[in-house]
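The values are calculated or read from the model by the stated rules, or taken from the named source; none is laboratory data. On a predicted model such as this, the values are computed, not experimentally measured, just so you know. For neighbour counting, all protein chains shown are included, and Cβ atoms are generated from backbone atoms with ideal geometry for every residue, glycine included.
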């Protein structure tokens, strides 16, 4: 693990995305919305989705909450939450993913290599566009408070179960 990874707290929110590709910026936007609202035991940061680096970010964590834009065939702005701790994720983007490998493949690779944290929750937000140079679409931008609250609720619930 890199020296930077050693400063990660054991509960991590990892926002996957690219702020220059339309709704792929939803993860980073959620991290911004969480500023000042997280317990001290939780770190939140952005990641570009590159698989090896993402596994580094998960390594050693007790709990990881991943936020990413997805193409699941739902209404743009729809939120789906998945518990990846016990079972594989469905495909969250396939050919539409802006990452070389999708989040589903990264989580399964982490599981196979034994670095998937005991708690791994994925918050996928249906995107309207992944076009380069575009900002967030209106429905995805409007979903940010809902996604933020869902993350806070999940962390509080998990903390209560510890």
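Things to note:
- Consider the range 104-125 and keep the residues that are closer than 10 Å to residue 84 by Cβ and part of a strand (DSSP E or B). The one that is nearest to the chain's Cα centre (by Cα) is 122.
- Tally of residues being out of contact with any helix residue (DSSP H, G or I) (no Cβ under 7 Å at 6 or more places or on another chain), surrounded by fewer than 19 Cβ atoms within 10 Å (Cβ to Cβ) and closer than 14 Å to residue 43 by Cβ across the range 55-82: 2
- When residues of the range 130-154 are limited to those that are over 17 Å from residue 32 (Cβ atoms) and in a helix (DSSP H, G or I), the one nearest to the chain's Cα centre (by Cα): 154
- Filter result (buried (at least 23 other Cβ atoms within 10 Å of the Cβ) and in a loop (DSSP other than H, G, I, E, B)) within the range 14-44: 17
- Candidate set from the range 104-116 (those that are surrounded by 12 or more Cβ atoms within 10 Å (Cβ to Cβ) and out of contact with any helix residue (DSSP H, G or I) (no Cβ under 8 Å at 6 or more places or on another chain)); member that is modelled with the lowest pLDDT: 104
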